Amino acid sequence: MSHQTVIVLDFGGQYNQLIARRVRECGVYCEVKPYTTSLDAIRAIDPIGIIFTGGPNSVYEETSPHVDPAIFELGIPILGICYGCQLIAHNLGGRVVPASDASAREYGKTETFFDTSCSLFKGLPAEGISWMSHGDYMEKVPDGFALTAHSDACPNVAIADEARKFYGVQFHPEVNHTENGVKMIRNFLYEACGAVGDWTMGDYCKTAIAQTREKVGDGKVLLALSGGVDSSVAAALLAEAVGRQLTCVFVDHGLMRKDEGDEVEAAFKKWDINFVRVDAEQRFLDKLAGVTEPERKRKIIGEEFIRVFEDEAKKIGKVDFLAQGTIYPDVIESGLGNAATIKSHHNVGGLPDFVDFKEIIEPLRMLFKDEVRQLGRELGLPEYLVMRQPFPGPGLAIRCIGEVTKEKLDTLREADFIFRDEIAKAHLEGTMNQYFAVLTNMRSVGVMGDGRTYDYTLALRSVTTTDFMTADWTRIPYEVLDKVSVRIVNEVKGINRIVYDITSKPPATIEWE
Ligand code: XMP
């Protein structure tokens with residue numbers, strides 16, 4: 001694929017993926033590489049620019065991550081962010097020291113003053129808020145560099161050498177708290193690196209189809225379709241590329257939301273592929289009977305999923321490729337391992353043991369989630385699939401507290417549907433990232449008409465988050481909660497009380513189990 005590339009060199013900061021996403025949002029392809037990447041490997045990529053990320057270390061310590069100083073001789077524009085900025089200073093003759101004076105140590109939103117003649121700040125306001133998080137500061141700026149931004153506490157907030165196109169900022173332009181941060185990144189790309197903006201999903205889609213076709217040749221491909229965004233888009237791409245050479249095995253474990261199984265099946269009708277929907281509801285219910293412990297439930301479902309998939313795969317016989325919907329954040333998290341916090345993955349399956357295949361194919365491995373959604377649209381998948389909120393592999397089983405039975409699942413499905421329906425009617429989907437109902441295992445007394453009821457309590461959960469590692473509970477308007485509550489209690493048999501979960505993560509998790 002011939003498009004311009006920017007390398008984000010990872011020094012272990014928290015926002016590395018975010019930087020890469022911002023670059024791609026600006027229409028420029030970009031990859032995250034570990035700071036240990038050799039100069040030869042960098043030259044081979046032939047990047048138009050390099051971004052050094054932040055990181056938790058101090059540049060003046062020998063054990064901290066460093067770069068080969070020859071990187072500054074490549075003639076490639078460099079933007080250093082936070083630690084990356086200090087790294088530029090340290091390498092090119094400046095001096096970075098611990099901020100002994102607490103006031104020079106900055107954290108949080110900081111009023112900052114910019115020199116707008118610097119390419120990085122061109123066309124932007126001379127004053128604005130930036131997000132700082134640094135304990136070291138540049139006491140001496142390297143020769144050839146100008147100071148291009150300052151704050152009240154710190155004279156050296158940004159540096160620039162316009163001749164060599166080296167720029168450094170102490171703050172984090174990639175986070176939303178920095179006003180015009182993305183525009184600064186855009187300026188680096190378009191003013192300094194000569195970006196042309198050749199990363200578009202339409203183009204990517206065409207090339208990815210052609211490449212997949214070439215790679216697969218006349219081979220057979222097998223894919224386990226879960227109905228989630230990633231596996232659906234991977235399936236759509238393969239369907240478009242290789243048609244009947246693709247077999248999708250959609251394991252319907254009976255733990256999906258209302259109508260979801262049918263929706264997934266309908267979405268793939270337009271392609272001529274081998275689509276196998278396995279009705280495995282009873283198999284899963286049998287395995288789950290009497291099990292109440294959350295981790296046991298998860299294990300049972302994960303294992304059974306693999307077994308069902310294997311049983312189907314055996315019927316197909318040998319395939320050449322096993323396709324997976326791995327996306328770029330998974331690749332970054334498992335491959336680089338420098339970032340301080342690593343998301344714990346709880347995916348349903350591992351790899352099946354008894355599927356006979358030659359090679360794994362991962363058509364989405366270079367895409368971020370929002371790009372995957374965009375690609376899904378390009379491929380003509382319906383909006384309800386492309387915009388589907390995250391749904392855990394073990395499905396409703398972990399939202400049905402205590403023992404899982406068909407009856408409880410059906411009750412939960414109806415209630416969850418009403419909740420989602422009312423959120424859609426109130427046009428609130430954009431204000432929350434995940435929202436669902438949980439059937440608690442608690443029953444309480446109520447009164448309906450003239451009679452006593454003794455039914456389940458349903459919990460509503462909604463979170464607002466960017467990374468799902470931390471999350472806040474969504475402030476849903478009371479009127480909407482009221483509508484949901486009235487409808488569920490009236491329309492769903494077996495529920496007589498509704499509560500709203502107002503715990504953030506941490507200390508709670510998003511799912512209840
Ligand atoms: P927690 O409950 O850990 O969830 O705060 C964080 C995010 O992960 C989703 N989740 C899962 N996703 N397989 C998945 O693919 C799983 O087993 C699983 N468990 C939780 C959860 O829905 C939330 O978005």
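Here residue 392 meets the list (1) of a type outside the set (S, T, N, Q); (2) open to solvent by less than 70 Å² (accessible area, probe 1.4 Å); (3) at pLDDT below 95; (4) farther than 30 Å from residue 280 by Cα almost entirely, failing just condition (4).
Go through the residues of the stretch 211-219 one by one and say whether even a single one is open to solvent by 20 Å² or more (accessible area, probe 1.4 Å), part of a helix (DSSP H, G or I) and free of Cβ contacts under 8 Å to residues at least 12 places away in the same chain. The answer is yes; a qualifying residue exists. Taking the stretch 192-204 as the search range and keeping residues that are at pLDDT 95 or above and out of contact with any Ser or Thr (no Cβ under 9 Å at 6 or more places or on another chain), which one is nearest to residue 233 (Cα to Cα)? The extreme case among them is 197.
Please go through the stretch 215-228 and pick out each residue that is at pLDDT 95 or above and either within 16 Å of the ligand (Cβ to nearest atom) or under 15 Å from residue 277 (Cα atoms) (or both). Break it down into steps so the answer makes sense when it comes.
Looking only at the stretch 215-228, we keep the residues that are at pLDDT 95 or above, and these are 215-223.
Listed by number, the residues that qualify are 222, 223.
Results for (1) open to solvent by less than 70 Å² (accessible area, probe 1.4 Å); (2) assigned by TED's automatic domain parsing to the domain that holds residue 61; (3) in a helix (DSSP H, G or I); (4) without any contact (Cβ under 8 Å) to a residue 24 or more places away in the chain, shown as yes or no for each residue.
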site	(1), (2), (3), (4)
76	yes, yes, no, no
86	yes, yes, yes, no
93	yes, yes, no, no
96	yes, yes, no, no
123	no, yes, no, no
138	yes, yes, no, no
144	yes, yes, no, no
150	no, yes, no, no
153	yes, yes, no, no
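Screening the candidates 301, 327, 306, 316 for the property of being out of contact with any helix residue (DSSP H, G or I) (no Cβ under 9 Å at 6 or more places or on another chain) and either within 16 Å of the ligand (Cβ to nearest atom) or open to solvent by less than 10 Å² (accessible area, probe 1.4 Å) (or both) yields one hit, 306. For the stretch 363-379, the count of residues that are surrounded by fewer than 17 Cβ atoms within 10 Å (Cβ to Cβ), in a loop (DSSP other than H, G, I, E, B), at pLDDT 95 or above and away from the ligand (no atom under 15 Å from the Cβ) is zero.
Among the residues of the stretch 323-353, write down those that are hydrophobic (A, V, I, L, M, F, W, C) and modelled with pLDDT of 70 or more. Passing the criteria: 323, 327, 331, 332.
Suppose the filter is out of contact with any Phe, Trp or Tyr (no Cβ under 8 Å at 6 or more places or on another chain), within 16 Å of the ligand (Cβ to nearest atom), open to solvent by less than 30 Å² (accessible area, probe 1.4 Å) and without any contact (Cβ under 8 Å) to a residue 60 or more places away in the chain; does residue 459 pass it? The answer is no for residue 459.
Of all the criteria given as (1) touching a Cys at 6+ places or on another chain (Cβ under 9 Å); (2) open to solvent by 10 Å² or more (accessible area, probe 1.4 Å); (3) in a helix (DSSP H, G or I), the one not satisfied by residue 224 is (3).
Candidates 280, 266: the one that is assigned by TED's automatic domain parsing to the domain that holds residue 382, surrounded by fewer than 17 Cβ atoms within 10 Å (Cβ to Cβ) and at pLDDT 95 or above is 266.
Each residue in the stretch 380-420 was checked for being in a helix (DSSP H, G or I), charged (D, E, K, R) and either closer than 30 Å to residue 19 by Cα or within 16 Å of the ligand (Cβ to nearest atom) (or both), and 4 of them qualify.
Right, residue 432: within 16 Å of the ligand (Cβ to nearest atom) and touching a Ser or Thr at 6+ places or on another chain (Cβ under 8 Å) or not?
Against the criterion (within 16 Å of the ligand (Cβ to nearest atom) and touching a Ser or Thr at 6+ places or on another chain (Cβ under 8 Å)), residue 432 qualifies.
Within the stretch 486-513, residues that are under 21 Å from residue 297 (Cβ atoms) have Cβ atoms under 6 Å from residues that are within 12 Å of the ligand (Cβ to nearest atom) and in a strand (DSSP E or B) in these pairs: 501/461; 505/471; 510/463; 510/471; 512/438, counting only partners at least 6 apart in sequence or on another chain.
Scanning the stretch 500-513 for residues that are within 14 Å of the ligand (Cβ to nearest atom) and not in a strand (DSSP E or B) returns 501, 503, 504, 506, 507, 508, 509, 510, 511, 512, 513.
Residue 185 falls short on exactly one of the conditions (1) in a loop (DSSP other than H, G, I, E, B); (2) in contact (Cβ under 8 Å) with a residue 60 or more places away in the chain, and that condition is (1).
For the stretch 462-499, the set of residues classified as assigned to a loop (DSSP other than H, G, I, E, B) and either within 16 Å of the ligand (Cβ to nearest atom) or in contact with a strand residue (DSSP E or B) (Cβ under 7 Å, 6 or more places away or on another chain) (or both) consists of 465, 466, 467, 468, 469, 470, 474, 476, 494, listed by residue number. Tell me which residues, restricted to the stretch 421-439, are part of a strand (DSSP E or B) and over 25 Å from the mean Cα position of the chain (by Cα). Selection gives 439 alone.
Of the residues making up the stretch 254-275, those that are touching a Leu at 6+ places or on another chain (Cβ under 9 Å) and not acidic (Asp, Glu) are 254, 255, 256, 257, 264, 267, 268, 271, 273, 274, 275. Answer with yes or no whether residue 465 is open to solvent by less than 70 Å² (accessible area, probe 1.4 Å), modelled with pLDDT under 95 and within 23 Å of residue 392 (Cβ to Cβ). Here the answer is yes, as residue 465 does meet what is asked.
Answer yes if at least one residue in the stretch 247-260 is among the hydroxyl-bearing types (Ser, Thr, Tyr) and in contact with a helix residue (DSSP H, G or I) (Cβ under 7 Å, 6 or more places away or on another chain), and no otherwise.
yes
The values are calculated or read from the model by the stated rules, or taken from the named source; none is laboratory data. All figures in this text were calculated on a predicted structure; none of them were measured in a lab. Here Cβ is always computed from backbone atoms with ideal geometry, including for glycine, and neighbour counts include all displayed protein chains. We work out accessible area using only protein heavy atoms, side chains counted, and drop any ligands, DNA or RNA first. Shrake-Rupley method; radii C 1.70, N 1.55, O 1.52, S 1.80 Å.
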